[in-house]
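Colleague: After the structure tokens below, expect a handful of questions from me.
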Amino acid sequence: GSSGGSGAAVGGGIVAGALGTDTGGSVRVPAALCGVVGLKVSHGRVPLTGVYPLAASFDTVGPIAASIADAAILYTAMAGHDPADPWSLPQPVTAPGEPAALGDITFGVPHPWVDRDLDADVAAGWQHFLEAVSAAGSRVVELDVAELDFPGRITEAMYPEVAAVHRRRFAAAPDTYGPEVRRRIAAALETDMDDYLAGLAWRRRIRLAATDAMESCDVLVTPSVAALKKTIGVDTIELAGKPVGYRAALSCFSALVNQMGLPALSMPVAVPGSPPPSVQIIGPMWSEHRLLEVGSALEAASITAASVVAD
């Protein structure tokens, strides 16, 4: 992801926290692959001032940190309104408080979104997490949310914005882009208005579906990624004995959240592994403080962990 350096720096113990950008998962995915915490904020919560856009109606800036407490410090410093950013919204910022009471939290498991092939370590960590929060007194509910399934219409909804950002430069100097990015931008330039409008309608539907689902729970929960490692130079990851494109394997749980505009927190599960498996909790708009309070409670109960790879 575009914040891989930040994730590696935190995971390697070089820094306690770092900034990342997240348009489809590039805070949460590097955090998951490096065994640390990553917070994707509500769209409009942290100003994009000075950030080169990928797709401005999806772009977010958020913290990657070694612990929930460190992520909370960074988030509180970053969040707020900046009139210089047209996407920034003047919503009040609530600082995280005491850890949530896990007995009061209901975790919603959205199907069919979570019904994907997973790496064996991810699958084991995911099952451990669900059993551990149940044992801690939380309620886990299985939800049927047909609209929430990857990939949906992500390409149609997002890539016309990518094309708008890069059209002139790409036309003038396509060779300045790497081969993979060049292919993706070329495809984006072919998206027509009918497809774009269909993508926007789909985007609205999934946001409403997620909002409706959270009437039955406090947060939605998924794995953060379907696999924990990608081999350099290999474009596929094996899941359930089948090769899957690495982008799909790594972004299948994160990318939909950007389409919804909602906040999400990625945390390592407290089980052996380097990196350990990671889970993602998703909340309503502007609920970052609540996600961090839930994350703090999970960390205190040793269900999730502070960074375990720095040593």
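Colleague: Those residues that are of a type in the set (Val, Ile, Thr), open to solvent by 10 Å² or more (accessible area, probe 1.4 Å) and closer than 19 Å to residue 127 by Cα, I need them from segment 228-273; list them, please.
Modeller: 271
Colleague: If the requirement is being buried (at least 16 other Cβ atoms within 10 Å of the Cβ) and among the acidic types (Asp, Glu), which of these qualifies: 180, 147, 131? Write out each step before concluding.
Modeller: Values: 180 fails: buried (at least 16 other Cβ atoms within 10 Å of the Cβ); 131 fails: buried (at least 16 other Cβ atoms within 10 Å of the Cβ).
The conditions single out 147.
Colleague: Return the residues of segment 13-44 that are among the charged types (D, E, K, R) and free of Cβ contacts under 8 Å to residues at least 60 places away in the same chain; say none if nothing qualifies.
Modeller: Within segment 13-44, no residue meets the criteria.
Colleague: So which residues in segment 59-74 are of a type outside the set (A, V, I, L, M) and touching a Gly at 6+ places or on another chain (Cβ under 7 Å)?
Modeller: Residues satisfying the conditions are 62, 63, 70.
Colleague: Consider segment 274-299. How many of its residues are open to solvent by 40 Å² or more (accessible area, probe 1.4 Å) and either within 23 Å of residue 123 (Cα to Cα) or not in a helix (DSSP H, G or I) (or both)? Don't jump to the end; show me each part of the working.
Modeller: As a first pass, look at segment 274-299 and keep what is open to solvent by 40 Å² or more (accessible area, probe 1.4 Å): 274, 284-286, 289-290, 299.
If we keep only those that are either within 23 Å of residue 123 (Cα to Cα) or not in a helix (DSSP H, G or I) (or both) as well, we get 274, 284-286, 299.
Total satisfying the criteria: 5.
Colleague: Same structure again: Filter segment 55-65 for residues that are of a type in the set (A, V, I, L, M) and in a loop (DSSP other than H, G, I, E, B); which is surrounded by the fewest Cβ atoms within 10 Å (Cβ to Cβ)?
Modeller: 56
Colleague: State which residue is nearest to the chain's Cα centre (by Cα) when the search covers only segment 11-24 and only residues that are among the aliphatic types (A, V, I, L, M) and assigned to a strand (DSSP E or B).
Modeller: Going through the qualifying residues, I end up with 19.
Colleague: Another question, if that's okay. Please go through segment 25-54 and pick out each residue that is surrounded by fewer than 22 Cβ atoms within 10 Å (Cβ to Cβ) and either part of a helix (DSSP H, G or I) or in contact with a strand residue (DSSP E or B) (Cβ under 8 Å, 6 or more places away or on another chain) (or both).
Modeller: Result: 47, 48, 51, 54.
Colleague: Oh, and also: How many residues are free of Cβ contacts under 8 Å to residues at least 60 places away in the same chain, on the phi < 0 side of the Ramachandran plot and open to solvent by less than 70 Å² (accessible area, probe 1.4 Å) if we restrict to segment 66-92?
Modeller: The number of residues fulfilling the criteria is 7.
Colleague: When you go through 145, 140 one by one, which is the residue that is touching a Leu at 6+ places or on another chain (Cβ under 8 Å) and at pLDDT 90 or above?
Modeller: That would be 140, the only listed residue that is touching a Leu at 6+ places or on another chain (Cβ under 8 Å) and at pLDDT 90 or above.
The values are calculated or read from the model by the stated rules, or taken from the named source; none is laboratory data. Model, not experiment: these values are computed from the prediction. Cβ coordinates were reconstructed from backbone atoms using ideal geometry, including for glycine residues, and neighbour counts include every protein chain displayed. SASA here: full protein model, heavy atoms, side chains in, ligands and nucleic acids out. Shrake-Rupley method; radii C 1.70, N 1.55, O 1.52, S 1.80 Å.
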